[in-house]
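Inspection log for the structure reproduced underneath, given as structure tokens.
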Amino acid sequence: MSSSADTRFAPDAAALLAGLDDHQREAAMSVSGPMLIVAPAGSGKTRTIVHRIAYGIQVGAFEAEHTMAISFTNRAAGELRDRLQALGAHKVTARTFHAAALRQLRFFWPSTEDRPLPTLRTDRAVVLSEIASLPVFDLDSSSIKQVVTLIESAKAQAFGPEGIQEFILGQRLLPDVTIDRHIVGEIYSSYEDANVAANTMDFDDVIARLVGIFDAQPATAAAVQRQYRHLTVDEFQDTTVMQRALLTAWTGPARDVCAVGDPHQSIYGFAGASADAMQWFGRTYSGCETVRLDTCYRSTPQIIRFGARIRAALDDRTTVRSVRDAGAEVSVLPAFADEITEIRSIAAAISDLVRDGAEPSHIAVLSRISAQGALMEEALASWGLPGITAAPAGYFSRPLVRKAITLLRGASHDPRASEVPLADSVADVLSTMGWEPVLPALTGSKRQDWLYLQALVRCAKDFEHLHQAATLAEFVIELDRRADLASPPTVHAVSLLTAHASKGLEWPHVFIIGMSEGLFPYGSKLTEAAMAEERRLFYVAATRARDSLTVSGFGRFSSLVAGAS
């Protein structure tokens, strides 16, 4: 490849840069060598990533079929893929770390091992809990949860059963591990033995086994390095030790790799992520160019300033500016007397917001623990408002939704289906599953089920509006496309999520509830590292808001708020 490839403009290259700001354009035009993009919340990182890749292809620096973009969720990978295709970059691979690793492991396993590839298990926490619950260990429920957390975190950081004691002594998130370390090691060993006996593996094993193959067989690693010569990793702050080991195996001696992320959004320490991951990238790929995006396109200046005060408590003084017009000040409500009073008051405020014209789907209530979401759902129901307690990313994986799509697919083969308007056909099929035209007076799982089915009905109406003669078969194809892109229909309800589950999402109106000592930050006697992670989690929650942000708590108000308000 000629050295002029970095600067030569292909026919449409200039158009790819036209809508970018100065720092986004700087990042997009840097298409040689290692690159680190620091992207605060709402700064357009996905736009920057896809335009950088498309630009690199246009100017001849990248080859689309040899380019891979990695993200952490199917939803994010689907968005990358969709937006790259819209820019003409059709042959770029966009996958999650685990999806890419599993695909490669399945390909290389038969030529490297003489036994069947282990079956992937997705219930590790359940199995670990069952083992830890055995009478021989004599652990209470709190200790069992701590054991599961310890082992999952240790495994993500490449510590096996024999290294669990070293891991426990070095971990910084749990203040006191009171369980006998030998017992934790025995439970870990029992779990690994159970996997061997059943020929199963979990997600961390997928990456570890693939890295093992690459280490043992350099020629195999070289084959992958030839296939994927240009790598981009989104949300780099969330990478684990094993994921970074896989990245170095993928890149090999090459240095054409771009990491994108924000250290202040590192909130998965319990799962093995590290807030210094981006510093690791700078050390590993020495001489990398660093670009910091400094413009927020999501939130009002008031919300940006609130987020800046949270970051300041993390010793960050960098400036982020908002291009939005001034909005309402962030509302930090006086502490309520108790949790129920707080929940009911916030539900009433949401009712007022909806009465004034806000769509329920434009509102989110975020909390540190999921139990508060269930309480909020009941409070909203008393106002006749729907609330959904699951993140949209899992929509297509829900058994109810899978069954509904299966029924729709079956009905689409009926020759008479084309004689009935699409929306009516979908409504008829879903009525056999309990869907009704009007939200029934239900709570809990049955109300949630109705909301998921209603989303399909609304989606069918929207599809029919865009495609006047749309058939049921065409709608099923559209649902398959959405599932592939992890782009679910909108559930018209207030989102009731944990702060962790809100990562990567945004809403016009956000309420953060339960900002009370012991609840958010969660726990007592937190270590310095754990408190920093709680502060980053608060920052993530606050920066999900576009237009308005309300913060509330009960009893003793959270120390996290004191430094930000």
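Here are the numbers for the structure shown:
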item	result
Highest average packing first - 287-296, 204-213, Cβ atoms within 10 Å	204-213, 287-296
Out-of-range pairs (alpha-carbon distance over 24 Å; input Lys461/Lys503; Lys45/Lys155; Lys403/Lys446; Lys91/Lys503; Lys145/Lys403)	Lys461/Lys503; Lys45/Lys155; Lys91/Lys503; Lys145/Lys403
Within the chain: Cβ-based charge dipole about Cα centre, in debye rounded to nearest 20 (Lys, Arg +1; Asp, Glu -1)	940 debye
Cα centre as origin, Lys/Arg/Asp/Glu Cβ charges: the stretch 64-125 dipole, Debye	120 debye
Ordering of 397-403, 417-423 by burial proxy (mean other Cβ atoms within 10 Å per residue, highest first)	417-423, 397-403
Extension reserve of the His492-Phe107 stretch, reckoned as 0.36 nm per residue once the Cα distance is removed	134.5 nm
Given charges at beta-carbon only (K, R positive; D, E negative), |dipole| of the stretch 197-254 in Debye	360 debye
Segment Asp123-Glu506, length gained on full extension (0.36 nm per residue, minus Cα span)	135.0 nm
Under-5 Å amide H pairs with Thr200, H placed in peptide plane, nonlocal only	Thr119
Computed over the stretch 28-177: relative contact order in percent, which uses C-alpha pairs under 8 Å that are six or more apart	14 percent
Table column - 3J(HN,Hα) (Hz), the stretch 158-164, Karplus curve with 6.51, -1.76, 1.60, x for Gly and Pro	6, 9, x, x, 6, x, 5
Burial ranking of peptide ranges 141-148, 497-504 (average Cβ count within 10 Å, highest at the top)	497-504, 141-148
Relative compactness, the stretch 442-497, computed as alpha-carbon Rg over 2.2 N^0.38 Å	1.25
Nitroxide proxy distance, nm - points 7 Å out along Cα→Cβ at Met433 and Glu528	5.2 nm
For the chain, share of DSSP beta bridges that run antiparallel, in % to the nearest 5	5 percent
Counting all C-alpha pairs of the stretch 119-205, share separated by more than 23 Å (%)	15 percent
Mean separation of Cα contacts under 8 Å, 6 or more apart, over the residue count of the stretch 339-386: relative contact order %	52 percent
Radius, Kirkwood style, for the stretch 249-296 when every pair of distinct Cα atoms is counted (Å)	12.4 Å
Net length gained if the chain between Thr290 and Arg398 were fully extended (0.36 nm per residue, minus Cα distance)	34.8 nm
Signed unit charges on C-beta, dipole axis of the chain, positive-most listed residue Leu169, Ala14, Phe538	Ala14
Contact order relative to length of the stretch 114-179, as percent, for alpha carbon pairs under 8 angstrom and 6 or more apart	24 percent
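Every read-out reported here was derived from the displayed coordinates using simple, explicitly stated rules and does not represent laboratory data. Please read all numbers here as calculations on a predicted model, not as lab measurements. Virtual Cβ from ideal backbone geometry, glycine too; neighbours counted across all protein chains shown.
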